[in-house]
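**Student:** The structure under discussion is supplied below as structure tokens; questions concerning it will follow.
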Amino acid sequence: MKRIVFASFFCLAATAASAQVTVKDPWVRATVPAQKATGAFMKLESGEDARLVAASSPVASVVELHETVMEGDKMRMRAVPSIAIPAGKGAELRPGGHHVMLMDLKGQIKEGDAVPLSLTFETKDGKRQTVELKAPARPLKTMPGHDEPAMKKH
């Protein structure tokens, strides 16, 4: 009987664990004084299909999920209702792609600040998970792992 209970618990725990979204390498771009918006970036991984459906932060009055798209010869950002996280493939939120947009900032975000973020994920069966984290603010001109300016073309 003990083995059956333990095995059932293990299977239940494994199922719950696969539904969890993992956030890796989160960061927020630092701002200059009076700048009212910035972006948050990270890698998202999940054992099953999921979506990032909401985000919030006490450092901004408005937080939206965004994508960057080319419209003609202009690059534009626009809000999206969610960001897909395919099972086993994940999603990378990065400059020039999907990201979390922090707008109407309540103050300057300086390099080294720890920016609190709350991210809400939803699986295809409607189960929700909220992840609370603190993302370090990184320099304006560089991206993690790169020594050149973020917008430089290769």
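**Student:** Subtracting the Cα-Cα distance from 0.36 nm times the residue separation, let me have the gained length for residue 110 to residue 130 in nm, one decimal.
**Tutor:** 4.6 nm
**Student:** Using 1/(1 + (r/R0)^6) with R0 = 25 angstrom and r between the beta carbons of residue 92 and residue 35, what's the FRET efficiency to the nearest 0.05?
**Tutor:** Calculated transfer efficiency: 0.55.
**Student:** A further question follows. So if each residue of separation counts as 0.36 nm, and I subtract the Cα-Cα distance between residue 120 and residue 141, what length gain in nm does that give?
**Tutor:** Using 0.36 nm per residue and subtracting the Cα-Cα distance, I get 4.7 nm.
**Student:** Here is the link list: 74/127; 74/124; 106/127; 43/106; 106/134; 36/124. Which ones come out longer than 28 Å on Cα distance?
**Tutor:** 74/127; 74/124; 106/127; 36/124
**Student:** Which residues does a label at residue 43 reach in the range 55-97, if reach means a backbone N under 15 Å from a point 7 Å past the Cα toward the Cβ?
**Tutor:** Backbone N within reach: 86, 88-95.
**Student:** Here's a follow-up. What trypsin sites (Lys or Arg not before Pro) in the range 22-73 are in a loop by DSSP, with at most 13 other Cβ atoms within 10 Å of the Cβ?
**Tutor:** Those that pass, being in a loop and sparsely packed, are 36.
**Student:** Once label points are set 7 Å from the Cα along Cα→Cβ at both residue 82 and residue 25, what is their separation, rounded to one decimal in nm?
**Tutor:** 2.6 nm
The numbers here are math on the coordinates, done by the rules we state, and not lab data. None of these values were measured; they are calculated from a predicted model. Here the Cβ is made from the backbone with ideal geometry for all residues, glycine too, and neighbour counts use every protein chain on show.
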